[in-house]
Amino acid sequence: MSRRIVLSVTAGVVVLAGAGAFALAHAGDQPPALAHSTARYTAPDGDRDGSLTFTTDVTASSDVKNVKVLAWPANSSFAKKELTAKDMAATEPAVCKPAGGDTERCTYRVTVTGEDADGSPRGLWHVAVLATAEDGDTTLDTKAADFTVA
């Protein structure tokens with residue numbers, strides 16, 4: 001093989017290795033990603049309680065530390081003043097279980113009594129989610145899913 005070809009191949013390998021290392025380093029710095037978020041609201045009926053169930057898949061390369069959830073009416077003050085991570089700090093956590101690879105399936109479920117439903121605004125509601133990875137990266141989605149209270 002000629003010296004020129006060997007040098008070209010060597011230079012190409014160095015460039016590709018550097019690009020691969022950069023890609024891996026960059027991939028490790030990604031914030032948590034949310035996917036397949038759904039909310040299901042069942043109204044109470046007579047003596048039977050209802051429920052709100054929210055589910056989302058969270059992918060984080062450094063593992064999922066926690067997921068906080070807040071259901072809020074679309075006509076509330078949060079519609080004008082965007083929710084922040086600070087607002088989400090005191091909200092309730094979802095329960096997360098491994099779903100394969102770096103992904104966890106997180107579920108939040110709360111019972112809705114007749115009294116709860118009577119005191120709740122009717123209409124469109126949103127579910128906000130704050131996902132925190134073990135490395136401290138966060139993702140806030142203020143409208144991860146919607147449901148309607150009739």
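Here are the numbers for the structure shown:
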read-out: Radius 9 Å from Cβ of T53, net charge of other residues (Lys, Arg +1; Asp, Glu -1); value: +2
read-out: Accessible-area value, E134, 1.4 Å probe, nucleic acids and ligands omitted, Å²; value: 110
read-out: Local electrostatic count, G114, Cβ distance below 15 Å [Lys/Arg +1, Asp/Glu -1]; value: -4
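The values are calculated or read from the model by the stated rules, or taken from the named source; none is laboratory data. All of these numbers come straight from a predicted model, not from anything done at the bench. Cβ atoms come from the backbone with ideal geometry, glycine included; neighbour counts cover every protein chain shown. Areas reflect the complete protein model, heavy atoms only, side chains present, ligands, DNA and RNA absent. Shrake-Rupley method; radii C 1.70, N 1.55, O 1.52, S 1.80 Å.
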